[in-house]
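Notes follow once the structure below has been shown.
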Amino acid sequence: MKSVLVIGGGIAGIQASLDLADRGIKVHLVEKTPSIGGVMAQLDKTFPTLDCSMCILAPKMIECFRHPNITLHTLSEVSKVTGSAGDFYVNILEKARYVDASKCTGCGLCSEKCPVRLPSEFQAGMGTRKAIYMPFPQAVPLVACIDSEHCLYFQKGVCRVCEKLCPAVAIDYEQQPREVEVNVSSIIAATGFETYNPQEIGEYGYGRYKNVLTALEFERLICASGPTGGKLERPSDAKISHRIAFVQCVGSRDHRVGVPYCSSICCMYATKEAVLIKEHDPESAVTVFYIDLKVFGQGFQDFVERARDDWGVRYIRGRPGEIREHPFTKDLTIWYENTDTGKVSKTEVDLVVLCTAMVPRPENKELADVLGVELDEYGFLKAQDPLSNPIETNIPGIYVCGCCHGPRDIPESITEASGAVAKAAELIVKVADGGEG
Amino acid sequence: MSDDIDKEQVEFVSLLLQREVSEMDAEVCEQCGKCTSACPVAIYMEGFNPRRLIAKVALGRTDELLESDTIWTCTSCLKCKERCPENISPYDVILVLRNLAVRAGHPYPAGYDETIKAVLEYGVAQQPRMVRTRAHERRDRASLGLPPAEKPRDMKKFNEVLGGIVRAGGSG
Amino acid sequence: MKYALYLGCTIQAEQFGCEISAREVLPRLGVELVDMEGTSCCGFPAFSSLSTIGWFYLSARNLALAENLGLDILTLCNGCYASFVETKHNLEENADLKGFIQEKLRQEGLEYTGDIRVIHIIELLHDLIGTEKISETVTNPLKGIKLAAHPGCHAIRPSSLGRPDNAENPQKLDHLITALGAETMDYPEKTDCCGSMLATASGTTTLTIAAEKLKAVEGYGFDGLVTTCPFCFQMFDGRQGEINDIIDFIFDTDSEELEVPIFYYTQLLGLAMGLKPEKLGLELNLSPVDALVEKIAGGAK
């Protein structure tokens, strides 16, 4: 029986891999970054249950690593696909880690001593990492990797401290990338999303005002595994933030910049983050500026009502016209109209969180080319039909799940992953029974 | 001066206004409030609310607006136009409503009339005048060494052409 | 660099300081200013409100006059700039309208093609001449003087039509200020309106809008405010006294009078070049500029 290729190691890809593997189907799970986990690994808690995100995710990640039916290809990309449903030939390009995975124990001494400090992608730029690093403590695989574009040895031929100090003698600067070819029955694309950069919405000051953050940056701030250990120390002066405002639809529902669609998860994650703030500090003043509260999922309306009635989160209907920064205190002033009353006011806060749009990854274009799959008008991978066929693509045997084909939340992504697995399994059975792909 | 209203001009004015109105797309306004919260006038004048104005246009209640003072209290700062996520410009809508209001014969601030009359008669909104310095001395263009003010060379022709345009379609 | 100089009504009729200083400093930067004959009002804001076509006509005829000289047109006023750019844009978009206006212009003996550029004074100074060249002409740097930049609404909005500077984070006037050796700083109210367009319709709101901005500027410790629009200049400088007369009413409490020196940019440029205040029309500023001018001019060799 052939295996299945899963592209993308976020929650959707992980779920799909586990479902397949538990059914006895072999999986090649390809992940571009050094570790699987995706955006869910960066979250503090998930809505609507307020479960600790990593607590739910990490066991699944470890299972992916240990499952005999799953082969993990991290720091890897799919470079070529030929064939057809039931019989695809896929080239997987595995980039060099410059660390021997069979020797590395994940002790972290190399990172400790590395002299090069860079913004950490996992910390959404709010914290730093080294040129040799493991992206986060629960990374899978727990193997260091070298960012050769910033490593002093690769760039200037000096240093080599990690090699000198590694107790497992695992550093291997000569390591080469390799390309493997696999033969799979079907392909599940689960490559996830990116968040919109709100810098072009000049009136909100992102990029100019230190205390204006995106939601993902804020998530890292409030998370105990974040750069401040979960203390709401704002960027400009590390002052603990008590007055926090959330601005919804930043870059979403916009025909001027950003994208015109609704990003589906922002009303919920803003409420989630608001509740987290209140949990940290019940005296805090938290306001959410919204146009509509799109909380359609199971338990969602309840979640928002509890936030408002039990926790005291303030919800004001009105998209702020302008955010200003005081030149000396770096406090922020938000000008808004309460559209329910028509009154224009301003409010002063310590920190502003912009709930930014969910946008397709720019790499989707390349991936779509390699797979032969269509993109929709926004650049997401395209499912055949949003109503009756939301998992198959225009290429038989290639399926999509999760945010790679549009904004959706974790429960939906997990559901779709299982759906894609059902389709993939169907194909295997069909072929095994002598049918065509 | 002829009081004949040039038919072609009337058509043109109407066409332009029609185009503006159809491009207004006021129906896609989501009433988000970004315009009003950016508006410097809305802070001080409770009756002036660009968001509500667009809602009225979308609901077809333009007559109300044409009669009101509201459309004359925009300071044309253009923040609403700059920031609207639906590319609606309450400012441009207000300009069209002003044009329509004048043609429908509704009252409007006298200052505009004075300016229009001055331009028709002198080519400029204001005649150069004597000004006072901080030390309370009087100066004019000549005493400051500035060249004499300019205006259209053939005022009669200018008045005829411009006057015709202004008068087209209604009062003026 | 040779331009048809378009003054517009406000400068030509009363804001002489803007014109005097511009005529004084621009030639020293290698700019030749050619006076235009037969100009009229640009139409903003009365005609834009009452007769949009009349507005286009007035702006187009001034553009035609500059075209006739074979020169690009330079404006010293945000409102005139906005009028010309909007007119050019509308006539380009609508061939019938363009034809209509062209035919009317011919009755005045004028030809319009819309091929010349419209240059705003900020564009000229920052983009075409450049802050480096300006700095080279500074013999009397405005050391230790902190000035607030007020580009004014129509120099920065709407970005969709192209404006001399960025709508939400305009920095060009700031660069022009530091080119003189002075200091500046971003402040939250920088992109706020001066309120002058409201003057025809409202008595006190127009003054309130200006008052709020001036109060904020004073509060941040600026020594003065710089603008490149005579309308804004007239409001902040000419009407500061009026604001002070009703200041308790405006702020709804006993308030200190505002004392904010207001300058048109070329006046300060002239002082930094070592020119005497009388050459820059500074006696005409009605805001309290004396102390600052003395401090600056006192440093001139």
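The values are calculated or read from the model by the stated rules, or taken from the named source; none is laboratory data. All of these numbers come straight from a predicted model, not from anything done at the bench. With ideal geometry, Cβ positions are generated from the backbone for all residues, glycine too; neighbour counts draw on all protein chains shown. All accessible areas refer to the heavy atoms of the entire protein, side chains included, with ligands and DNA or RNA removed. Shrake-Rupley method; radii C 1.70, N 1.55, O 1.52, S 1.80 Å.
A few notes on this one:
- Qualifying residue in the range C:197-215 (condition: open to solvent by 10 Å² or more (accessible area, probe 1.4 Å), basic (Lys, Arg) and under 16 Å from the mean Cα position of the chain (by Cα)): no
- Of the residues making up the range C:249-301, those that are within 19 Å of C:Val217 (Cα to Cα), touching a Lys or Arg at 6+ places or on another chain (Cβ under 8 Å), within 11 Å of another protein chain (Cβ to nearest Cβ) and of a type in the set (A, V, I, L, M) are C:Leu286, C:Val289.
- Matching option when the condition is farther than 15 Å from A:His242 by Cβ and crowded, with 22+ Cβ neighbours inside 10 Å, among A:Val344, A:Val295, A:Val353: A:Val344
- In the range A:182-203 there is no residue matching the filter, namely being among the hydroxyl-bearing types (Ser, Thr, Tyr) and more than 28 Å from A:Val370 (Cβ to Cβ).
- For the range A:13-29, the candidate set comprises residues that are touching a Ser or Thr at 6+ places or on another chain (Cβ under 6 Å) and open to solvent by 10 Å² or more (accessible area, probe 1.4 Å); within that set, the residue that is farthest from A:Asn183 (Cα to Cα) is A:Asp19.
- Qualifying residue in the range A:231-254 (condition: surrounded by fewer than 17 Cβ atoms within 10 Å (Cβ to Cβ) and within 14 Å of chain B (Cβ to nearest Cβ)): no
- Positions within the range C:28-54 being in a helix (DSSP H, G or I) and within 9 Å of chain B (Cβ to nearest Cβ), in sequence order: C:Ala46, C:Phe47, C:Ser48, C:Ser49, C:Leu50, C:Thr52, C:Ile53, C:Gly54
- Given (1) under 28 Å from A:Val373 (Cβ atoms); (2) open to solvent by less than 80 Å² (accessible area, probe 1.4 Å), number of the condition A:Lys95 does not satisfy: (2)
- Cross-chain or 6+ apart pairs with Cβ under 9 Å, the range B:110-123 first and under 24 Å from C:Gly203 (Cβ atoms) and open to solvent by less than 40 Å² (accessible area, probe 1.4 Å), then part of a helix (DSSP H, G or I) and of a type in the set (Ser, Thr, Tyr): B:Tyr112/C:Ser49
- Residues in the range C:56-78 that are in a helix (DSSP H, G or I) and open to solvent by 10 Å² or more (accessible area, probe 1.4 Å) were compared, and the one that is nearest to the other protein chains (Cβ to nearest Cβ) is C:Leu65.
- Breaking point among (1) assigned to a loop (DSSP other than H, G, I, E, B); (2) more than 14 Å from chain B (Cβ to nearest Cβ); (3) in contact with a helix residue (DSSP H, G or I) (Cβ under 9 Å, 6 or more places away or on another chain), for A:Lys272: (1)
- When the range B:144-165 is filtered for residues that are exposed (fewer than 15 other Cβ atoms within 10 Å of the Cβ) and either more than 8 Å from every other protein chain (Cβ to nearest Cβ) or farther than 21 Å from C:Phe47 by Cα (or both), the ones remaining, listed by number, are B:Gly145, B:Pro147, B:Pro148, B:Lys156.
- Residue among C:Ala182, C:Ala148 that is within 14 Å of another protein chain (Cβ to nearest Cβ), open to solvent by less than 20 Å² (accessible area, probe 1.4 Å) and in contact (Cβ under 8 Å) with a residue 60 or more places away in the chain: C:Ala148
- Options C:Ile73, C:Ile101: the member that is at pLDDT below 95 and assigned by TED's automatic domain parsing to the domain that holds C:Arg28: C:Ile101
- Scanning the range A:308-346 for residues being farther than 23 Å from A:Leu216 by Cα and either in a strand (DSSP E or B) or within 14 Å of chain B (Cβ to nearest Cβ) (or both) gives a total of 12.
- For the range A:30-65, filtered to residues that are touching a residue at least 24 places away in the same chain (Cβ under 8 Å) and of a type in the set (Asp, Glu), the residue that is most open to solvent (accessible area, probe 1.4 Å) is A:Glu63.
- Residue in the range B:63-83 that is among the hydroxyl-bearing types (Ser, Thr, Tyr), assigned to a helix (DSSP H, G or I) and farther than 29 Å from A:Ile201 by Cβ present: no
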